[in-house]
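The values are calculated or read from the model by the stated rules, or taken from the named source; none is laboratory data. All values reported here derive from a predicted model rather than from experimental measurement. Cβ coordinates were reconstructed from backbone atoms using ideal geometry, including for glycine residues, and neighbour counts include every protein chain displayed. Heads up: the accessible areas ignore ligands, DNA and RNA and are worked out on the full protein's heavy atoms, side chains in. Shrake-Rupley method; radii C 1.70, N 1.55, O 1.52, S 1.80 Å.
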Amino acid sequence: MTLSENLEDYLEVVLLLCQRHGHAHVNEIAQMRGVKKPSANSALNALKQRGLIQYEKYQPVTLTGAGLKIAEVILQKHRRLKEFFVRAV
């Protein structure tokens with residue numbers, strides 16, 4: 001499944017919040033992404049349509065099994081990139 005960089009970033013944020021709290025809330029997601037709630041809702045609906053998250057309005061957001069696998073790969077990729085650029089500087 002191909003995701004835009006933007007949706008990858010949202011999936012990563014959901015993973016990070018789920019690791020901390022067991023779930024994520026739209027307000028937290030929007031804050032971490034630096035966007036307003038409607039933008040976060042739109043992205044979350046796109047992830048829900050792809051079967052990557054469980055999300056209902058006014059309810060916590062969680063990852064599906066497929067979403068967790070993809071989010072972990074994305075997080076690992078982003079950590080490697082960060083490590084590369086830190087070492088390159």
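In the chain, which GluC sites (Glu not before Pro) are in a loop and have at most 10 other Cβ atoms within 10 Å, using DSSP for the loop call? Passing both the DSSP loop test and the Cβ count: GLU56.
Qualifying chymotrypsin sites (Phe, Trp or Tyr not before Pro) in segment 1-83, where qualification requires a DSSP coil assignment and no more than 13 other C-beta atoms within 10 Å, comprise TYR58. The relative contact order of the chain, computed from alpha carbon pairs under 8 Å that lie at least 6 residues apart in sequence, is 29 percent. Per residue, the accessible area of the chain comes to 66 Å² when a 1.4 Å probe rolls over the protein heavy atoms.
Screening the chain for DSSP H helices whose Cα atoms reach 15 Å or more along their own axis and whose mean Kyte hydropathy is at least -0.5 gives 5-21, 65-88. Expressed as a whole percent, the accessible surface of segment 1-81 that belongs to carbon and sulfur atoms is 49, based on a 1.4 Å probe.
Only lysine pairs 8 or more places apart, or on different chains, with alpha-carbon atoms under 18 angstrom apart are counted in the chain, and they number 6. Would you mind finding the longest exposed-site-free stretch of the chain, with exposed trypsin sites (Lys or Arg not before Pro) meaning DSSP loop and at most 13 other Cβ atoms within 10 Å? Formally, the longest exposed-site-free interval is 1-35.
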